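First the structure, which I've put down as structure tokens, then a few questions once you've had a look.
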Amino acid sequence: MMKKRTAYSKLATILAVSLFVNAVHAQLAYPPEKQKWDADQLGNHRAVLKINTDQKEVQAVIPWRNRWVEANQEVIIVDSASNQQLSSINYLWMNTESGGLRFRPTSGKGIYYVYYLPYKMGGRSRNYPDAIYLKNSTPAPAQAAKMALLVPKVSLLNGLKR
């Protein structure tokens, strides 16, 4: 009887330790957001970029693999430090596989959020909504152009779907 209790206590200890180790390793690899973003203004899809350079202009390649993205799709970049949208975004290319963007980080080093597929709700009633994806006034090329080697690339921390 004593051997069974010892075996059960060892098993319970091993199980508790393994659950603790899994919980520690399950920490997010990307920084937590300060608040949930407004999907009606920014869209459902977001990529988190980390900029580690003080260059005036950076470029990012975002592998979104989304069949709804078109060459004239609107993209919104928000600086996490100031929570302000960036106004000057240069679209290098945009297609269903990925998108290349060049922009000027206003706060320098830090985290920037790239929202793609922002939409506006339309349709005949609230019960039958129709999402209309916003378009950019200057469409990007559908194929990847040669990117300048002088502009540093930023690292993609994580792509999220709301």
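The values are calculated or read from the model by the stated rules, or taken from the named source; none is laboratory data. What you are looking at is a predicted structure, and each value in this text was computed from that prediction instead of being measured. Note that each Cβ is placed from the backbone with ideal geometry, even for glycine, and that neighbours are counted across all protein chains shown. Just the protein is used for accessible areas: all its heavy atoms, side chains included, with ligands, DNA and RNA removed. Shrake-Rupley method; radii C 1.70, N 1.55, O 1.52, S 1.80 Å.
Within segment 67-90, can you find the residues that are within 13 Å of A47 (Cα to Cα) and open to solvent by 20 Å² or more (accessible area, probe 1.4 Å)?
Scanning segment 67-90 gives a single hit, S80.
Would you check which residues across segment 55-66 are open to solvent by less than 90 Å² (accessible area, probe 1.4 Å), in a loop (DSSP other than H, G, I, E, B) and over 21 Å from L134 (Cβ atoms) and list them?
Selection gives E57, P63.
Then there's this: Going through segment 83-97 one residue at a time, which ones are closer than 16 Å to V48 by Cβ and either among the β-branched types (V, I, T) or not in a strand (DSSP E or B) (or both)?
Hits for segment 83-97 are N83, L86.
Continuing with this model, one more query. So G110 passes all but one of these: (1) in contact with a Phe, Trp or Tyr (Cβ under 8 Å, 6 or more places away or on another chain); (2) in contact (Cβ under 8 Å) with a residue 40 or more places away in the chain; (3) not basic (K, R). Which condition number does it fail?
So the condition that G110 fails would be (1).
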